[in-house]
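See below for the structure under consideration.
The numbers here are math on the coordinates, done by the rules we state, and not lab data. Please read all numbers here as calculations on a predicted model, not as lab measurements. All Cβ positions, glycine included, derive from the backbone under ideal geometry; neighbour counts span all protein chains shown.
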Amino acid sequence: MSHYGSPMPQPYPPGARLLARPETVEPCPACADPLGRGYPTCLTCADRVDAYWRADWDALVAEQPGEADERELAATVLAGAPADHPWTCVDWAMRQSSCPLCRAELGAGLACVHCAKADEARWAWDHAAMPGSMTANEHMLRLAVAALRATTPHRDNVLTYWRLVLPFLLVGGLPTPVQAGRVRIHLLAGRADELAEAGSLADMADLADLPWRTA
Ligand SMILES: [Zn+2]
Ligand SMILES: [Zn+2]
């Protein structure tokens, strides 16, 4: 034990835990959809979701000696080992860096080789993190937000899936693999509107069979 200096930082410090999550899914005061579903187009949805990332980034900025240049800090974070910072700070640093090839925020232009490489590198955190550093809910929240920020067109159903589940992820929910599979089947059947009305992940998965199927 040293008498001075700070203790060795914990590798893979957890992210998105500084602020409490909402306890229930509430409508967004701006777009009236369940909060988070409008990410990132609805600024209020975006703001409430991004708050978990921003809190970690602000804490990192506050730790820097003197006045931190946030762009330099972003470059330092991205040059470091994945274990050095919370995953939220890696994401935030990527957003503040523009891709030298496609000019999108780094990692968002998935049709761009440079972005694809940066995007792939960020997931090293999730794969290598110590148990307890990241929950399955946090991993899925990170996936949802990264997919919804990407400038490269995903298949519509992929984006719709993430929009549908994001409000439930935000309150700590996690679709089981069976629920996720059923929601995707309903999406392929063109039932996005019915899914959007469902009040829980379980209700989404359990949409009643279409009349022509039961007849
Ligand atoms: Zn909204
Ligand atoms: Zn790019």
Considering (1) within 15 Å of ligand 2 (Cβ to nearest atom); (2) among the acidic types (Asp, Glu); (3) in contact with a helix residue (DSSP H, G or I) (Cβ under 7 Å, 6 or more places away or on another chain), say which one residue 126 fails and leave the rest. (1)
Please go through (1) more than 30 Å from residue 199 (Cβ to Cβ); (2) within 16 Å of ligand 2 (Cβ to nearest atom); (3) part of a loop (DSSP other than H, G, I, E, B) for residue 154 and return the number of the only condition it doesn't satisfy. (1)
Only one of these is more than 25 Å from residue 164 (Cβ to Cβ) and touching an Asp or Glu at 6+ places or on another chain (Cβ under 9 Å): 57, 87, 53. Name it. 57
Taking the condition of being of a type in the set (A, V, I, L, M) and surrounded by fewer than 17 Cβ atoms within 10 Å (Cβ to Cβ), how many residues in region 193-212 meet it? 4
Residues of region 105-114 that turn out to be within 17 Å of the chain's Cα centre (by Cα) and either of a type in the set (A, V, I, L, M) or surrounded by 20 or more Cβ atoms within 10 Å (Cβ to Cβ) (or both), as a count: 5
Pairs please, first residue from region 10-24 and closer than 16 Å to residue 173 by Cα and touching a residue at least 40 places away in the same chain (Cβ under 8 Å), second anywhere and of a type in the set (A, V, I, L, M) and not in a loop (DSSP other than H, G, I, E, B), Cβ atoms under 7 Å, 6+ apart in sequence or on different chains. 16/141; 21/170; 22/170
Take residue 162 and tell me if it is in contact (Cβ under 8 Å) with a residue 40 or more places away in the chain, in contact with a helix residue (DSSP H, G or I) (Cβ under 6 Å, 6 or more places away or on another chain), surrounded by 15 or more Cβ atoms within 10 Å (Cβ to Cβ) and outside any loop (DSSP other than H, G, I, E, B). no
Looking at (1) surrounded by fewer than 22 Cβ atoms within 10 Å (Cβ to Cβ); (2) of a type in the set (D, E, K, R); (3) closer than 23 Å to residue 11 by Cβ, which one does residue 156 not meet, given that it meets all the others? (3)
For the list (1) of a type in the set (A, V, I, L, M); (2) outside any loop (DSSP other than H, G, I, E, B); (3) touching a helix residue (DSSP H, G or I) at 6+ places or on another chain (Cβ under 9 Å), I need the number of the one condition that residue 30 fails. (2)
Scanning region 165-211 residue by residue, the ones that are touching a residue at least 40 places away in the same chain (Cβ under 8 Å) and not small (Gly, Ala, Ser) total 7
Hits in region 54-92 (condition: hydrophobic (A, V, I, L, M, F, W, C) and in contact (Cβ under 8 Å) with a residue 60 or more places away in the chain): 83, 87, 89
Just wondering, is there one or more residues in region 100-112 that are under 22 Å from residue 151 (Cα atoms), in contact (Cβ under 8 Å) with a residue 40 or more places away in the chain, in a strand (DSSP E or B) and within 16 Å of ligand 2 (Cβ to nearest atom)? yes
